[in-house]
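K.L.:
Just passing along the structure, written as structure tokens.
What follows is calculated from the coordinates using simple rules that are stated; it is not laboratory data. Note that the structure is a prediction, hence the values are computed from the model and not measured. Cβ atoms come from the backbone with ideal geometry, glycine included; neighbour counts cover every protein chain shown.
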Amino acid sequence: MSKFILGKKLGMSQVFKGDNVVPVTLIESGANVVVQVKTSEKDGYSAVQIGFGERREKNIKKPQRGHLAKIPNQNSETRNLRFLKEFRIDATELKTGDEINPEIFNVGDKVNVIAVSKGKGFQGVVKRHGFSGGPKSHGQKDRLRAPGSIGSSWPQHVLKGLKMAGRMGGDKVTVKNLEIVEIDKENNLMAIKGAIPGRRGTLVMIKG
């Protein structure tokens, strides 16, 4: 059975394992609610849509309210879900209204983590692509971090995909094979080894 859950990145910390210090990222993951179960017969593909987080009801659009109203045994947490995400699976025993907790994972499990990386705005080629820049010699003026030549005599245009200055960050990033180091069931916290993309408070998708 596939394991998956949504959480919120809290930041980085460290855990002591014997004489070793393990860098970890802390993820807060409360109860996730199954909002919809999609099947290949009805929807054309199999997936489970789950919700996480809470927001004010006035910020939810009417079509979304109707979608969330189909969840049985509603309370404020399930009625005003903030995030909705789908996980593709082959088959599942989950039903609409079921809750998913961090307890489905075990210490030592390998997981894939998906999150949106930090946005860094418009950046030059040195920071964005790791260019070395121009030489720090006499005769150079305002060329230290310039990209240099971007084309040739033919074709007379800039080729597609050329590494140039532009928007950096804010991309969907998947980090694979991260290890779960600790699980705090009482506080709904997970400690995952290594760094995870995004700032503090970023929505994180965890799939085992």
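K.L.:
If you keep only loop residues by DSSP, which GluC sites (Glu not before Pro) in the stretch 58-122 have at most 15 other Cβ atoms within 10 Å of their Cβ?
P.N.:
Sparse-neighbourhood loop GluC sites (Glu not before Pro): Glu93.
K.L.:
OK, next. Tell me which GluC sites (Glu not before Pro) from the stretch 159-208 have a DSSP coil assignment and no more than 12 other beta carbons within 10 Å of their own.
P.N.:
On the way: sites: Glu179, Glu182, Glu186; in loops: Glu186.
Those satisfying the criteria are Glu186.
K.L.:
Just subtract the alpha-carbon distance of Lys17 and Leu162 from 0.36 nm times their residue separation and send over the number in nm, one decimal. Don't skip to the end; give the middle numbers.
P.N.:
On the way: separation 145, 0.36 × 145 = 52.20 nm, distance 4.52 nm.
Gain on extension, Lys17 to Leu162, equals 47.7 nm.
K.L.:
Right, another one. Based on DSSP H runs of at least 4 residues, each adding -39500 (n - 2.57), what is the mean residue ellipticity at 222 nm of the chain after dividing by all its residues, to the nearest 500 deg cm²/dmol?
P.N.:
Theoretical 222 nm ellipticity from helices: -2000 deg cm²/dmol.
K.L.:
Here's something else I'd like to know. Assign unit charges at the C-beta atoms only (+1 for Lys and Arg, -1 for Asp and Glu), then state the dipole size of the stretch 1-80 relative to its Cα centre in Debye, rounded to the nearest 20. Before the final figure, lay out the partial values.
P.N.:
Working: 14 positive and 7 negative charges, 92 e Å.
I would put it at about 440 debye.
K.L.:
Ranked from highest to lowest mean number of other Cβ atoms within 10 Å per residue, what is the order of the peptides 146-154, 44-52?
P.N.:
Taking the mean over residues of other Cβ atoms within 10 Å, the ranking is 44-52, 146-154.
K.L.:
Taking only the alpha carbons of the chain, what extent do you get along each of the three principal axes, in Å, biggest first?
P.N.:
The Cα atoms of the chain stretch 74, 51, 35 Å along their principal axes.
K.L.:
Taking the Cβ of Asn187 as the center, what net charge do the other residues with Cβ under 14 Å away carry, scoring Lys and Arg +1 and Asp and Glu -1?
P.N.:
-3
K.L.:
A follow-up question, please. What does the charge count near Arg145 come to, summing +1 for each Lys or Arg and -1 for each Asp or Glu among other residues with Cβ under 13 Å from its Cβ? Write down the numbers at each step before the final one.
P.N.:
Details: positive: Lys127, Arg128, Lys136, Lys141, Arg143; negative: Asp142.
Once positives and negatives cancel, what remains is +4.
K.L.:
Could you tell me how far the Cα centroid of the stretch 59-74 sits from the Cα centroid of the stretch 4-46, in Å?
P.N.:
23 Å
K.L.:
Show me, for the stretch 35-46, the HN-Hα J-couplings you get by feeding each phi into the Karplus relation (A = 6.51, B = -1.76, C = 1.60, θ = phi - 60°), rounded to Hz, glycine and proline as x.
P.N.:
So the J values, rounded to whole Hz, are 8, 7, 10, 9, 10, 5, 5, 8, 10, x, 7, 9.
K.L.:
Give the distance, in whole Å, between the Cα centre of the stretch 102-138 and the Cα centre of the stretch 172-193.
P.N.:
Their Cα centres are 19 Å away from one another.
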